[in-house]
Amino acid sequence: MLQAPPSFQVPIRVLSSAVQAVAVQEAELLQLLQGSELAVADIYPGSQDTISGELFFALMGRLQNLRSSETMALEMGANTQLSVMWPLNEYFLNAPDLYSAMSAPPEFQPLRVPFLRSKLSLEQDYFKIELAVFVDVESSLSRSLTESYFLIIQKLATRYIGADIPNCHFEFQHQRPSYSDKYKDYFQGDVRFEQNHNCYYIPIEYARKSNPIANADAYLLARDICQQQLKSIPNHSLTMADRVSRTLLSQPLGKMHEDAVAKALFVSKRTLARRLDVEGKSFRQVREELLAELASVQLRESQASIESIAVLLGYSDVANFRRAFKRWYGKSPNQYRQSYLQNQ
């Protein structure tokens, strides 16, 4: 199991959203919070405070016991109000296409769910969203996190497209639960259990589907707000991979190598590698994922030449950038940009 930072914090609004989604009443809330030093007023919508990850998961486990419902996580995911994700929801709903929209959760997950990480990839027939849980919790709670997350992402995708998306499918690492027959009432597509990864597959033709109601100014403003909020997160609440990404972005890209990043984070190169390995990452993987995402954004949102983007990303030889990009996305930068523009 991958590990979140030992002192990571979870926004109270995430807990508030969870208890609202399963219709917890005040008397139940008092029981839930007993001995936690939290008052009912602390859970009211609008709170900007945070609680420790340890307390969050203790309360979520207590909520499961309080409700004694096997399908609680399904109800929670299905009933979560997207408005509680502000400003992420505005960034998402005003994105120019579904792929850009879906980049919001992975990019800004530390703002809401620092114990989860998702990764996007474009395959031949599908747009894949892969989820990893970064905390060592009971299998039932890990299953609940995955169920809820994918239902929220499904809701976002459906809201963006304006209708249910056909021919999707889901893969879960957990075993088939006793209530698996209920999945069909919540998930729009086939569901497979005991898989190697947790994944949500959307047909590729929807990835570049343009957003007819996108507001470019609102999109950029929401992204700026998210970025400012992300910068305000204490470093100790970030994963080591997040810290490496932040460090790489603090200098001209291509100028910082693993030794320099380790030094900037006050650890040895060996310690950095070991801590990244605990999170299922390597320095090269973190750097490549960052460069791939930045390249994608520049190709989609700017008119910069391929040569200029290569220089921006620290490549002295544009041919090396082209090879790297084809490895990341399965097509050349020009093909990627043309494919995006054709789907606008």
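Structure data summary
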item	result
Qualifying positions in the range 298-313 - more than 26 Å from the chain's Cα centre (by Cα) and under 23 Å from Ser100 (Cβ atoms)	Gln303, Ala304, Ser305, Ile306, Ser308, Ala310
Contacts under 8 angstrom Cβ, first residue in the range 175-197 being at positive phi, partner assigned to a strand (DSSP E or B), 6 or more apart	Gly189/His169; Gly189/Phe170; Gly189/Tyr201
Filter result (in contact with an Asp or Glu (Cβ under 9 Å, 6 or more places away or on another chain), more than 18 Å from Glu301 (Cβ to Cβ) and in a helix (DSSP H, G or I)) within the range 319-341	Ala324, Arg327
Residue within the range 216-237 that is modelled with pLDDT under 75, in contact with a strand residue (DSSP E or B) (Cβ under 9 Å, 6 or more places away or on another chain) and assigned to a loop (DSSP other than H, G, I, E, B) present	yes
Top-ranked residue in the range 152-193 [being among the hydrophobic types (A, V, I, L, M, F, W, C) and assigned to a helix (DSSP H, G or I); ranked as farthest from Leu141 (Cα to Cα)]	Ile161
Complete set of residues in the range 187-209 that are touching a Leu at 6+ places or on another chain (Cβ under 9 Å) and under 22 Å from Leu93 (Cβ atoms)	Phe187, Tyr200, Ile202, Ile204, Tyr206, Ala207, Arg208, Lys209
Residue match in the range 259-266 (condition: outside any helix (DSSP H, G or I), modelled with pLDDT of 80 or more and in the same structural domain as Ala310 (by TED's automatic domain parsing))	no
Residues (out of contact with any strand residue (DSSP E or B) (no Cβ under 6 Å at 6 or more places or on another chain) and either outside any loop (DSSP other than H, G, I, E, B) or not β-branched (Val, Ile, Thr) (or both)) located in the range 135-148	Asp136, Glu138, Ser139, Ser140, Leu141, Arg143, Ser144, Glu147, Ser148
Single match in Gly53, Gly46 (criterion: of a type in the set (Gly, Ala, Ser), modelled with pLDDT under 75 and in the same structural domain as Arg159 (by TED's automatic domain parsing))	Gly46
Flag if Leu38 is at pLDDT 80 or above, surrounded by 15 or more Cβ atoms within 10 Å (Cβ to Cβ) and part of a loop (DSSP other than H, G, I, E, B)	yes
Residue list for the range 110-156, filter: of a type in the set (D, E, K, R) and either more than 12 Å from Tyr201 (Cβ to Cβ) or surrounded by 22 or more Cβ atoms within 10 Å (Cβ to Cβ) (or both)	Arg112, Arg117, Lys119, Asp136, Glu138, Arg143, Glu147, Lys155
Residue, nearest to the chain's Cα centre (by Cα), within the range 249-290, restricted to residues that are surrounded by 14 or more Cβ atoms within 10 Å (Cβ to Cβ), within 25 Å of Leu116 (Cα to Cα) and basic (Lys, Arg)	Lys281
Matching residues, the range 102-112, being at pLDDT 65 or above and more than 8 Å from the chain's Cα centre (by Cα)	Met102, Arg112
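Table: residues versus (1) in contact with a helix residue (DSSP H, G or I) (Cβ under 8 Å, 6 or more places away or on another chain); (2) under 20 Å from Gln124 (Cβ atoms); (3) crowded, with 16+ Cβ neighbours inside 10 Å.
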{"site": "Ala292", "(1), (2), (3)": "yes, yes, yes"}
{"site": "Ile306", "(1), (2), (3)": "yes, no, yes"}
{"site": "Leu312", "(1), (2), (3)": "yes, no, yes"}
{"site": "Arg327", "(1), (2), (3)": "no, yes, no"}
{"site": "Gly330", "(1), (2), (3)": "no, yes, no"}
{"site": "Arg337", "(1), (2), (3)": "yes, yes, yes"}
{"site": "Gln342", "(1), (2), (3)": "no, yes, no"}
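The values are calculated or read from the model by the stated rules, or taken from the named source; none is laboratory data. None of the values given here were measured: they were computed from a predicted structure. Please note: Cβ atoms are built from the backbone with ideal geometry, for glycine as well, and neighbour counts cover all protein chains shown.
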